[in-house]
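See structure below.
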Amino acid sequence: MLKNVAIIGSSGTIGMALTQNVARAYPEALVNAFSRKALQVDIQNVITHQVDFDSESAIESAALLASKDAPLDLVIVATGFLHDAEQKPEKSLKALSSEKMQRLYAINTILPAILAKHFTPHLNKDTRAIFAVLSARVGSISDNQFGGWYSYRASKAALNMVIKNVAIEIARSNKKAIIAGLHPGTVDSPLTKPFQKNVPKEQLFTADYSASKLLAVLFELSPESSGKLFAWDGQEVNP
C-alpha cells in the first residue's frame, strides 16, 4: 500500500498521466507532484510543488519536503528531453556539437542522478520502496541497429548505468528498495510528434495507457529486479 509518493516532472505528458493514475489508484496516498513550472492539479490527494531542477539545493529541499512526514514508498522521475525548436536528434556525426550533447546529458543523465542522490535516502526501509526513472529502449547498446540520435542514445545509455550503480549502492543499506528504469513505449506527446509517421497505430500509446502499464510493471518488481530496465509490457530491455 502506497502512503507517500513523489512524481518528478509531473507537468510532462507522461508525468501528468502517472500522477493522475497513482492518485486515482491510491486515494489515501499523498502524491507530491514536482515540476519546473507551476502546475494546477484538481485532485484531492495531489500536492503540487514548483522546483528549479537546475539547482541542487532546490532538489535537496524538495526531497526533504516530500519526506518530512513519512518515508517515500514510490518515486518516479519522469523528466527528459529529446528535441525542441532549436535542437533535433542528430542523424549523422556532422550534426554533433558539444553544446547539444551537454544539454541532453544535463537533462537525461545528470538530473536523474542528482535526484537519486537526494531522494533515495528517504525511501521507506520497512516495506518495499521504488525509485523509478523513465529511460528509453534507444539507450540499449545491444539493441541499436539504426544508429543516429547520438546525444539522446548516449545520454539514455549513461542513465541506465546510473540506475545500475544506484541499485548496487542502495542495496547495501536498504534491502527492500528497487531502483528501476522504465521504457514507456511510443507515447502520443509533443516529444514524439515529429517521429510518429512510421509508428504503427497499435504501437502509439496514449499517456494514460502507458502510465497504467508502467505502474503495473513496477508493482510486479522485486528487489532482485533492481538495477534493470523494463519496458511497458514488463519485458526486460537488454543493456
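The values are calculated or read from the model by the stated rules, or taken from the named source; none is laboratory data. No experiment lies behind these values; they were computed from the predicted model shown. Cβ: placed from backbone, ideal geometry, glycine included. Neighbour counts: every protein chain shown.
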Has region 84-92 got any residue that is surrounded by fewer than 13 Cβ atoms within 10 Å (Cβ to Cβ), more than 16 Å from the chain's Cα centre (by Cα) and under 26 Å from THR19 (Cα atoms)? yes
Would you be able to say whether some residue in region 37-58 is basic (Lys, Arg) and at pLDDT 95 or above? no
Only unsatisfied item for THR127, checking (1) touching a Pro at 6+ places or on another chain (Cβ under 8 Å); (2) in a loop (DSSP other than H, G, I, E, B); (3) of a type in the set (Ser, Thr, Tyr), is (1)
Any idea how many residues of region 189-224 are touching a strand residue (DSSP E or B) at 6+ places or on another chain (Cβ under 9 Å) and farther than 30 Å from MET1 by Cβ? 6
Tell me, which residue of region 174-201 that is in a loop (DSSP other than H, G, I, E, B), over 17 Å from the mean Cα position of the chain (by Cα) and in contact (Cβ under 8 Å) with a residue 12 or more places away in the chain is surrounded by the most Cβ atoms within 10 Å (Cβ to Cβ)? ASN174
Do the conditions hold for PHE53, that is, is it part of a strand (DSSP E or B) and either within 30 Å of LYS175 (Cβ to Cβ) or touching a Lys or Arg at 6+ places or on another chain (Cβ under 6 Å) (or both)? no
Within region 223-239, work out how many residues are closer than 17 Å to VAL166 by Cβ and part of a loop (DSSP other than H, G, I, E, B). 4
Of TYR209, TYR150, the only residue that is over 19 Å from the mean Cα position of the chain (by Cα) and among the aromatic types (Phe, Trp, Tyr) is TYR150
Quick check on my filter: what residues within region 126-160 are surrounded by 14 or more Cβ atoms within 10 Å (Cβ to Cβ) and out of contact with any helix residue (DSSP H, G or I) (no Cβ under 8 Å at 6 or more places or on another chain)? ALA129, ARG137, GLY148
Show the residue pairs that are 6+ apart or on different chains and have beta-carbon atoms under 8 Å apart, the first residue being within region 6-24 and within 15 Å of GLN50 (Cα to Cα), the second being among the small types (Gly, Ala, Ser) and surrounded by fewer than 21 Cβ atoms within 10 Å (Cβ to Cβ). GLY12/SER189; MET16/ALA207
